[in-house]
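Working notes, beginning with the structure itself.
The numbers here are math on the coordinates, done by the rules we state, and not lab data. These figures come from a predicted structure and were not determined experimentally. Note: ideal-geometry Cβ built from the backbone for every residue, glycine included; neighbour counts use all protein chains shown.
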Amino acid sequence: MNSVAPSLMSSVPGDSRFSSIAAILEICPIGVVGVGSDGAVVYANAAFSTLSGLNAADLIGVSEDALNDKLRANGDPTRPFGPCKSPPITLPDGQAARTMAVIPLQPAFCAERDGSECGCDITLTKPARRHLRRTARFLDDPGSGLTRILFFADITREHAADELKRQLMVTAAHEFRTPLTMINGFAETMLMREHDAESRMDMLRTLLHHGRHLAKAMDNVLDLARLEGRVYQTLPLTKLDLCQVLISACASFAYPGDARRPEFNLPKAAVQFDGDRTLLTQCVHELLTNAYRFSFGHGRIAVAMEAVEREGIHWVGFSVTDEGIGMTEEDQAQAFDPFWRADKSGSNLGCGLGLSLVKEIATLHRGRVELSSGLAEGTKVTVWLPVPS
Amino acid sequence: MFDEMKEKLLIVDDQGALRKMLRIALGYGKYQMFEAQEGTSALRLAREKRPDVIVLDVMMPGELDGFQVCETIKNDPDLKHIFVVLLTALGSDADRKEGERVKADYYMVKPFSPLNLIEVIETRQQRASVTGTGKA
């Protein structure tokens with residue numbers, strides 16, 4: 001608290017409200033910087049220090065421009081941030097235009113005296129990769145010696161979520177275009193001239209195959225979107241026994257044309273866990289689908305459970321292992337990317353979202369997914385969930 | 001028409017189903033057809049067979065994508081006369097500009113109409129510009 005402007009503390013001597021406000025600012029999760037009438041920093045709270053990596057005490061007396069330079073030194077050079085006030089734009093006909101923030105600030109909080117808005121996004125790489133939204137407000141309070149307050153909110157999480165959504169949409173569009181190309185293309189080809197009966201049947205079969213693929217792809221994208229939308233909501237949890245969930249999920253699973261049943265290696269005692277039964281069952285089904293699909297009727301499919309303790313947390317991991325074609329290191333690195341498929345020839349009905357869904361479901365339960373595989377050696381995927389000890 | 005008199009057409013796409021569709025759509029007897037699944041073999045076939053037309057998918061796994069194959073062909077004095085049609089699901093301005101940069105003769109966004117593709121190939125209609133790129 002030694003960086004708090006003396007005026008904040010002494011305006012009304014003995015008034016405990018001011019020391020409370022100072023205390024509140026010091027625990028506020030938003031970075032707060034106070035700039036005095038001479039344009040120099042008079043105050044910076046603890047959150048600002050944490051987020052920016054700059055020591056509050058070193059900033060007292062620093063000009064706002066110098067503060068920006070210090071932030072830039074920790075910033076991502078590929079994402080330059082401009083002056084706090086958005087610069088005027090000159091239109092081709094020479095007229096000046098105001099800029100407008102895409103997400104407009106509330107008019108009640110006038111940012112600049114001339115009414116223009118004032119805020120920008122900052123990307124830092126040190127002390128950690130963060131996205132901060134900086135907004136400035138005028139403080140019309142001559143007694144305090146402060147004229148401008150800069151707020152730095154950490155929007156890293158929201159930024160990442162937006163980026164994921166954007167990527168998903170771009171990839172989804174591409175994924176839908178591919179089967180559509182086939183459907184429209186084959187239909188047009190059939191119409192453009194006479195074909196013999198066998199060719200026609202063949203083309204119609206292909207058309208239907210891609211129509212089904214498109215339907216499945218859309219279902220999976222909706223699943224993924226629904227799951228990602230739940231990130232900000234709470235997950236309704238029920239008390240369940242993970243072993244029983246696994247056994248049930250396997251019992252309700254069938255892979256067309258493959259009579260193999262999974263072999264279990266589960267503890268005899270119940271494994272208590274608070275989770276979403278439907279999501280966990282879906283998770284197991286996705287893992288089983290991959291195991292069957294990539295082992296082509298050969299080898300065992302094993303469903304097992306392990307327990308470890310790491311850094312004081314107890315983890316339970318349920319896994320599905322197959323003895324199928326396995327994956328290269330390159331495949332493994334990309335396996336969890338939405339729409340990534342091991343078999344790109346298009347003959348496989350899967351649309352590449354199985355492992356993305358598994359990862360989402362694990363994340364929603366505060367868990368993680370582990371994959372180990374070797375080319376021609378099979379694959380093991382483990383979902384680790386934290387359990388109360 | 002004997003094979004030797006026909007023009008040569010090379011289809012390059014990693015997806016078997018799309019190659020099949022193109023094979024059927026373009027296989028009305030006018031062209032001698034060759035196929036490749038990825039960039040390196042596409043270039044090899046281009047040098048061996050000297051096709052008149054190449055239909056080239058942009059997104060392919062492996063060392064070379066469609067843009068790189070097109071660029072290599074257009075920078076090779078022996079091959080640059082080949083009419084190259086780029087097929088892609090990517091239709092953004094940046095992608096079209098890249099198509100222009102690698103000097104593709106035509107840039108077609110999926111889903112595309114096979115009839116349109118036939119017309120483009122038959123007439124050697126040129127369009128790789130950002131503004132006027134063909135779209136089915």
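Each label point was placed 7 Å from the Cα along the Cα-to-Cβ direction; for A:T238 and B:E48 their separation is 6.1 nm. The residues neighbouring A:D121, those whose beta-carbon lies less than 12 Å from its own, together hold a net charge of 0 under the Lys/Arg +1, Asp/Glu -1 convention. In straight-distance terms, cross-link reach from B:K30 covers every one of the lysines whose alpha-carbon lies under 21 Å from its own, apart from those fewer than eight places away in the same chain; here that gives B:K6, B:K8, B:K20, B:K49. Take A:184-190, B:113-119, A:60-66 and order them by the average number of nearby Cβ atoms within 10 Å per residue, most first; the result is A:184-190, B:113-119, A:60-66. Note on A:E198/A:D258: beta-carbon distance plugged into 1/(1 + (r/R0)^6) with R0 of 30 Å gives a FRET efficiency of 0.55. Taking 0.36 nm per residue of separation and subtracting the Cα-Cα distance, full extension of the segment from A:A187 to A:R277 would add 28.1 nm. Taking a straight Cα-Cα cut-off under 17 Å and skipping sequence neighbours fewer than 8 places away in the same chain, the lysines within cross-link reach of A:K70 are A:K126. Between A:D331 and A:C28, the FRET efficiency estimated from the beta carbon spacing at R0 = 35 angstrom works out to 0.15. Shielding value for A:31-44 is 0, the average number of Cβ atoms from other chains within 10 Å of each residue's Cβ. Peptide B:21-27 shows a mean partner chain C-beta count of 5 within 10 Å per residue C-beta. Computed on region A:182-316, with alpha-carbon pairs under 8 angstrom and 6+ residues apart, the relative contact order is 22 percent.
For the peptide B:109-118, the mean number of other protein chain Cβ atoms found within 10 angstrom of a residue's Cβ is 5. Taking a straight Cα-Cα cut-off under 26 Å and skipping sequence neighbours fewer than 8 places away in the same chain, the lysines within cross-link reach of B:K97 are A:K165, B:K74, B:K80, B:K110, B:K135. Across region B:32-136, C-alpha contacts under 8 Å between residues 6 or more apart give a mean separation that, scaled by the residue count, equals a relative contact order of 23 percent.
B:L115 sits among other residues whose Cβ lies under 12 Å from its own Cβ, and their net charge, with Lys and Arg +1 and Asp and Glu -1, is -2.
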